[in-house]
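Written below as structure tokens is the structure these notes are about.
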Amino acid sequence: MITIYHNPMCSKSRECLQLLELEQLPFTTVKYLNEPLSKKEMKELLKKLGIKPIELVRQKEAVWTSGYKDKKLTDTQIVEALVQHPILIERPIVVNGDKAIIARPADKVHDIL
């Protein structure tokens with residue numbers, strides 16, 4: 001099953017959602033700002049993405065620049081920040097089975113379908 005972690009306020013996320021709809025494949029939408037991921041889910045997502053936690057952080061977000069930017073954080077602390085502040089999560093993320101990608105640009109979603 002395909003899952004998109006979606007932020008409706010983000011144009012890139014909306015664009016990716018439209019591409020998935022055009023493919024007419026079944027998928028689930030998770031509005032992660034309304035349905036925050038648990039620490040366990042975040043770790044699983046990072047494993048599927050194959051990236052370090054810092055690579056998932058939107059480092060220009062005010063929450064990051066004001067609270068975390070100049071601190072030396074462990075991967076665990078970054079995961080905790082992502083769970084506590086889901087706005088920090090780079091988007092959109094598309095998961096297909098045991099693989100995931102950050103679909104930026106949106107047409108990158110085709111790499112995982």
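All of the numbers you see were taken from the coordinates with simple rules; none came from a lab. Please read all numbers here as calculations on a predicted model, not as lab measurements. As a convention, Cβ positions derive from the backbone with ideal geometry for all residues, glycine included, and neighbour counts pool all protein chains shown.
Counting DSSP beta bridges in segment 2-113, what percent are antiparallel, to the nearest 5?
70 percent
Which of the peptides 72-82, 86-96 is most tightly packed, and how do the rest follow, going by the mean number of other Cβ atoms within 10 Å of each residue?
Values: 72-82: 15.3, 86-96: 21.5.
My ranking of the peptides, most packed first, is 86-96, 72-82.
Once the Cα atoms of helix 39-49 and of the chain are each reduced to a long axis, what angle between those two axes, in degrees from 0 to 90 to the nearest 10, is obtained?
60 degrees
What is the angle, in °, between the Cα long axis of helix 11-23 and the longest principal axis of the Cα atoms in the chain? Nearest 10 is fine, range 0 to 90.
Taking Cα atoms only, the helix is inclined about 30 degrees.
What FRET efficiency comes out for Lys71 versus Glu21 if R0 is 30 angstrom and r is the Cβ-Cβ distance? Round to the nearest 0.05.
On the way: r = 40 Å, r/R0 = 1.33.
It comes to 0.15.
Quick check on the chain: helices-only [θ] at 222 nm, where DSSP H runs of length 4 and up contribute -39,500 (n - 2.57) each and the sum goes over total residues. Nearest 500, please. Display every interim value, and only then the final one.
Working: 4 runs with 40 residues, N = 113.
Using -39500 (n - 2.57) per qualifying helix, the result is -10500 deg cm²/dmol.
How high is the relative contact order of the chain? Use alpha-carbon pairs under 8 Å, at least six apart in sequence, and give a whole percent. Can you show the working numbers first?
Values: 155 pairs, mean separation 41.1, N = 113.
Relative contact order for the chain comes out at 36 percent.
How do the peptides 43-54, 10-21 rank, highest first, by the average count of neighbouring beta carbon atoms within 10 Å per residue? Provide the component values of the computation, followed by the final result.
Details: 43-54: 15.6, 10-21: 17.1.
My ranking of the peptides, most packed first, is 10-21, 43-54.
Quickly rank 26-38, 101-113 as a protection proxy: mean count of other C-beta atoms within 10 Å, highest first. Intermediate results must be reported in sequence, preceding the final value.
Details: 26-38: 14.2, 101-113: 15.8.
Ranked from most to least packed, the peptides come out as 101-113, 26-38.
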